[in-house]
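Peer 1: I have a structure here, written as structure tokens, and I will follow up with some questions on it.
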Protein chains: 4
Amino acid sequence: MVAGKMTRRERERQQHISHILGVAEGMFAEKGFFQTTMRQIARKAEFALGTIYAHFRSKRRLYEKVIETQTVGLVDFVIQEMASRSSPRDQIEKFIQSKMAFLHRNRSFLRMYVAELDAPRLDSGQVLPKAARESYDSLLHHLRDVIRLGIKEGSLKSMNPDVLARTIDGLTTAVAVSWLRLRTWPPVEAETRVATELLLRGAAVRPQERDLA
Amino acid sequence: MVAGKMTRRERERQQHISHILGVAEGMFAEKGFFQTTMRQIARKAEFALGTIYAHFRSKRRLYEKVIETQTVGLVDFVIQEMASRSSPRDQIEKFIQSKMAFLHRNRSFLRMYVAELDAPRLDSGQVLPKAARESYDSLLHHLRDVIRLGIKEGSLKSMNPDVLARTIDGLTTAVAVSWLRLRTWPPVEAETRVATELLLRGAAVRPQERDLA
Amino acid sequence: MVAGKMTRRERERQQHISHILGVAEGMFAEKGFFQTTMRQIARKAEFALGTIYAHFRSKRRLYEKVIETQTVGLVDFVIQEMASRSSPRDQIEKFIQSKMAFLHRNRSFLRMYVAELDAPRLDSGQVLPKAARESYDSLLHHLRDVIRLGIKEGSLKSMNPDVLARTIDGLTTAVAVSWLRLRTWPPVEAETRVATELLLRGAAVRPQERDLA
Amino acid sequence: MVAGKMTRRERERQQHISHILGVAEGMFAEKGFFQTTMRQIARKAEFALGTIYAHFRSKRRLYEKVIETQTVGLVDFVIQEMASRSSPRDQIEKFIQSKMAFLHRNRSFLRMYVAELDAPRLDSGQVLPKAARESYDSLLHHLRDVIRLGIKEGSLKSMNPDVLARTIDGLTTAVAVSWLRLRTWPPVEAETRVATELLLRGAAVRPQERDLA
DNA sequence: TATGAATGAGTATTCATTCAT
DNA sequence: AATGAATGAATACTCATTCAT
């Protein structure tokens, strides 16, 4: 893993693997798992078919690696961003902001991510790369712990922290997914602001409140 | 269309079509579009392969009919429920409640519905049965109009009604989707309550507020 | 067969059969045997599928009936025309003229006729409706007998009459077939003149001869 | 294309392709396009089904390649044979002789060749491999030019050279086609002699002429 | 006789995967 | 590691034919 210690062979190998992963991500995102063929990936990656198989045991495996890589990237980014704040409410805001920003940037991953919501469609039973799932679950656990803290310190309503975490996560996903249907890619800041506002303060007007927009 | 006027032949024909649609819905929901074969559907429906094709021109067509049928059912149900209330806020609540209730009941449709979020995966370009899409869009327009009214009468914050409608719709979907990952099918009432509370009043505690749960 | 003696039922039956034969001929000629479906024929004939089968045991049978009908028509016409002349050479000319005229008129039959040159393509073994074959063979036998007579009386060169009959028949067919490839349907008279001239007097110029055209 | 420069891989590849073409030719000739299945071809060629498709995009393509290959062979052979003579009449004789000899030798191609006379049956519209058609057309053009020359120098009657070329071509085809119906494969020399005699000098006896056979 | 729904064997084609070089 | 020819199971779809009404 440490580049400096690699032989040239090993270095090139890693480059090739990354290259293939990148190509595969684009194609899977664009056309979905079943409608992307290994041959297409090979052609686009400018490698022979056998070479792809030399690096990834199977199409399924390649797909998993793609998701895994991206998921870890997402989780790392979001956790790091959350760490830049201290109060639970700010951390939650950061969760929303950074997740949405990431998905906004990585349109192709967003596509695959949505596809994976539909777990059972691929193999029977298990949804997705265990590694990816575990990584993402750790993020949700982290969010839940932050929520728990917020409830304890009184800055959040006393709701079931698990449900709330799932809901916050779901809402951000849902908003991002709705982008996929739009003709134009909306500015992420505005969308984030609405989601955050909604989650923390709701859509309803309190007697004493005034316009927001 | 009028049952009384149908010949026996026509009556049976309709029954067979409904039967096949039902079987197909279950299988598509369970295993996804690509991993469901026409032969499997035929076998389970206890018809010959050719018979399925006699009623639905292609696998794709069959799939579309399934979604179309269910989508129209969902839209009709939700609009009818909303009509039972008058104030915008109550109507929004009804939207959330009835949509979630419908998806809670129709687990297999929920699966297909999610799959279809991921538009481009099937055809290139268009997502889904135009009929289904148009039906659903009319529901969203209705919701938007209600929101607009709520804003005008001052019971909702002044946000972009389109964005808000998309977000409310997305949130309910997101919550329902999250069910798919759980081991146990959660009671719909509790889930609905959280979603509604969140959307209308948010997760944050106001100074003067007390515990909710 | 005698219309006057038929019941209405029988009369209608015959009309339906003729109608179907006509439709089938057009379609077989246009698209060939394999690319014409029974359903298409039924649809175009405005009968139900089962009705076609009620009249013709199978697709093959229907096809044979079509060819049979037309072949008999061709043979009857040519023999009758030949009978209008007495000298062998005139009879041969009449054979060429009338056969070419018939094929010129019945473009769709011409197509099927050509297809049938390629005997083995349909069933293994036998080419075509025995009835049609026998009918056509009787025509060729007749032509051969005329040739024999011509040779005996010294107006034709002493060639093998069978080979010559086959060749004359083949030539007329060949010329007709060549029409199929042309953009415009050529006038039958000119074509016939060339074929006749060629067959009887050849393309070569004799010392004493002058231009023909 | 240069055998010496090929890698073993490429060399084998070409051999396999030739082998498949040979097998396919035999089967298409024997049973026709529609009644030959790709599986049969694969089985007979002792390759897996997929391998056939790896070399020929589709059944249609394979069929076209077969005809193309053979047509080019026929054209090359005939043109080369014609070139061995100088006078137009001798060249025409050579055309007849060599074309008939080729078809006599390549019975299976003869079958396919006939089938292709029936243009519209396969595709709608265009008949056959453009390459094959163009190749054959060039042969006919060549023949026409030779005829034109013969007319100019006075050794041929002054007929339309295009029509005459088509007719000569048609006659040779017609004779060859007639073989397909015979029980025994007739000696090519005798058949050729009749055809040539007929075309050049006709069947009719001139006053001063005597027996030929 | 006429109908048309039902049947199921048959077919072209695709594509993940293997393996000898 | 890289190559790409070969494999063959899998799959959507067609269509001649049957048969109950």
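The values are calculated or read from the model by the stated rules, or taken from the named source; none is laboratory data. On a predicted model such as this, the values are computed, not experimentally measured, just so you know. Positions of Cβ are backbone-derived with ideal geometry, glycine not excepted, and every protein chain shown enters the neighbour counts. The protein model used for the area step is the full one, side chains on, heavy atoms only, and it has no ligands, DNA or RNA in it. Shrake-Rupley method; radii C 1.70, N 1.55, O 1.52, S 1.80 Å.
Peer 1: With every protein chain kept in the model, how would you rank A:K152, A:K59, C:K44 by accessible area, 1.4 Å probe, largest at the top?
Peer 2: Values: A:K152 170, A:K59 45, C:K44 120 Å².
Accessible-area ranking of A:K152, A:K59, C:K44, largest first: A:K152, C:K44, A:K59.
Peer 1: Between the helical axis of D:130-152 and the dominant principal axis of chain D, each derived from Cα atoms, what acute angle in degrees is found, rounded to the nearest 10?
Peer 2: Relative to chain D, helix D:130-152 is tipped by roughly 10 degrees.
Peer 1: In segment A:160-206, what residues drop by 50 Å² or more of accessible area when the other protein chains are put back, versus the chain on its own? Use 1.4 Å, and skip ligands and nucleic acids.
Peer 2: Flagged in segment A:160-206: A:R166, A:T167, A:R181, A:V194, A:L198, A:A203, A:A204, A:V205, A:R206.
Peer 1: From the helices alone, meaning DSSP H stretches of at least four residues, give me the mean residue ellipticity at 222 nm for the protein assembly as shown, per-run term -39500 (n - 2.57), in deg cm²/dmol to the nearest 500. Write down the numbers at each step before the final one.
Peer 2: On the way: 36 runs with 604 residues, N = 852.
Computed mean residue ellipticity for the protein assembly as shown: -23500 deg cm²/dmol.
Peer 1: Kindly report the accessible area of chain B per residue (heavy atoms of protein chains, probe 1.4 Å, no ligands, DNA or RNA), in Å².
Peer 2: On the way: 10470 Å² over 213 residues.
I get 49 Å² per residue for chain B.
Peer 1: Given a Förster radius of 25 Å and the C-beta distance between D:R39 and B:R43 as r, what FRET efficiency does 1/(1 + (r/R0)^6) yield to the nearest 0.05?
Peer 2: Numbers: r = 24 Å, r/R0 = 0.97.
According to the calculation, E is roughly 0.55.
Peer 1: Here's a follow-up. How are the alpha carbon pair distances in segment D:24-70 distributed across 10 Å bins from zero to the largest one, expressed in percent?
Peer 2: Going out from 0 Å in 10 Å bins, segment D:24-70 shows 29, 63, 8 percent.
Peer 1: Could you sort C:R61, B:R144 by their accessible area in this structure, using a 1.4 Å probe and putting the largest first? List each step's numbers first, then the result.
Peer 2: Working: C:R61 95, B:R144 45 Å².
If we order C:R61, B:R144 from most to least accessible, we get C:R61, B:R144.
Peer 1: Can you give me the distance in nm between label points at A:F77 and B:A131, each placed 7 Å from the Cα along the Cα-to-Cβ direction?
Peer 2: 4.1
Peer 1: GNM on chain A, C-alpha springs below 10 Å: top fluctuator among A:R193, A:R148, A:R181?
Peer 2: A:R181
Peer 1: Using a 1.4 Å probe, how large is the accessible area of D:D145, given in Å² and rounded to the nearest 10?
Peer 2: D:D145 has an accessible surface of roughly 70 Å² with all protein chains in place.
Peer 1: Chain D: which residue's Cβ hugs the D-to-A rotation axis most tightly, distance rounded to whole Å?
Peer 2: D:G50, 4
Peer 1: Roughly speaking, to the nearest percent, how much of the protein assembly as shown's 1.4 Å accessible area is carbon and sulfur?
Peer 2: Details: 21020 of 41880 Å².
It is 50 percent, rounded to a whole number.
Peer 1: Compute the long axis of helix C:88-105 from its Cα atoms, compare it with the longest principal axis of the Cα atoms of chain C, and write down the angle in degrees, 0 to 90, nearest 10.
Peer 2: So the inclination is approximately 40 degrees.
Peer 1: Then there is this: Buried accessible area for the D:C pair, summed, 1.4 Å probe, in Å² rounded to 100?
Peer 2: Details: alone 13060 and 13020 Å², together 20930 Å².
The summed interface area works out to 5200 Å².
Peer 1: In a Debye calculation with equal point scatterers on the alpha-carbon sites of chain D and no solvent, what is log10 I(q)/I(0) at q = 0.08, 0.12 Å⁻¹?
Peer 2: Debye intensities relative to I(0), on a log10 scale: -0.36, -0.74.
Peer 1: Let me ask something else about it. How tilted is helix D:188-201 with respect to the longest principal axis of chain D? Cα atoms for both, answer in degrees (0 to 90, nearest 10).
Peer 2: 40
Peer 1: If r is the Cβ-Cβ distance from C:H19 to D:T7 and R0 is 51 Å, what FRET efficiency results, to the nearest 0.05?
Peer 2: Values: r = 64 Å, r/R0 = 1.25.
Working from the Cβ atoms, E equals 0.20.
Peer 1: On to the next question. So what is the relative contact order for chain B, in percent, with contacts set as C-alpha pairs under 8 Å and at least six apart?
Peer 2: Details: 162 pairs, mean separation 40.8, N = 213.
This gives 19 percent for chain B.
Peer 1: What are the residues whose amide H is under 5 Å from the amide H of A:L156, where those residues sit 5 or more places off or on another chain and H is modelled from the backbone?
Peer 2: For A:L156, whose amide H was placed from the backbone, the distant partners under 5 Å are A:I151, B:V205.
Peer 1: Treat the protein assembly as shown as a sphere of radius equal to its Kirkwood radius over Cα pairs and apply Stokes-Einstein at 37 °C in a medium of 0.692 mPa s; give the translational diffusion coefficient in µm²/s, rounded to a whole number.
Peer 2: Values: Rh = 34.3 Å.
In µm²/s, the coefficient rounds to 96.
Peer 1: A further question follows. For a Förster distance of 60 Å, can you work out the FRET efficiency between the beta-carbons of A:S84 and D:A54, rounded to the nearest 0.05?
Peer 2: Numbers: r = 56 Å, r/R0 = 0.93.
About 0.60, to the nearest 0.05.
Peer 1: Also, quick follow-up: May I ask which of C:K31/D:K130; C:K94/D:K157; D:K31/D:K94; B:K31/B:K94 have a Cα-Cα span longer than 27 Å here?
Peer 2: D:K31/D:K94; B:K31/B:K94, as the Cα separations exceed 27 Å there.
Peer 1: When Cβ neighbours within 10 Å are restricted to other protein chains, what is their mean count per residue of peptide A:108-114? Could the numbers behind the result be given before it?
Peer 2: Working: counts 0, 0, 1, 5, 2, 1, 7.
Going residue by residue through A:108-114 and averaging, the value is 2.
Peer 1: Can you list, largest first and rounded to whole Å, the semi-axes you get for segment B:1-52 by taking the square root of 5 times each eigenvalue of its Cα gyration tensor? Intermediate results must be reported in sequence, preceding the final value.
Peer 2: Working: eigenvalues 131, 27, 8 Å².
Equivalent-ellipsoid dimensions as semi-axes: 26, 12, 6 Å.
Peer 1: OK, next. Step through the residues of segment A:157-164 one at a time and calculate ³J(HN,Hα) from phi using the Karplus curve (6.51 cos²θ - 1.76 cosθ + 1.60, θ = phi - 60°), rounding each to whole Hz and writing x for Gly and Pro.
Peer 2: For segment A:157-164, the Karplus-derived couplings read 4, 7, 10, 5, x, 5, 4, 5 Hz, x marking Gly and Pro.
Peer 1: Keeping all protein chains in position, work out how much accessible area B:R111 exposes to a 1.4 Å probe, and write it in Å² to the nearest 10.
Peer 2: Accessible surface of B:R111 is approximately 50 Å².
Peer 1: Let me ask something else about it. Taking a cut-off of 14 Å between Cα atoms, list the aspartates and glutamates near B:K152, but don't count ones fewer than 8 places away on the same chain.
Peer 2: In chain and number order, the partners are A:D211.
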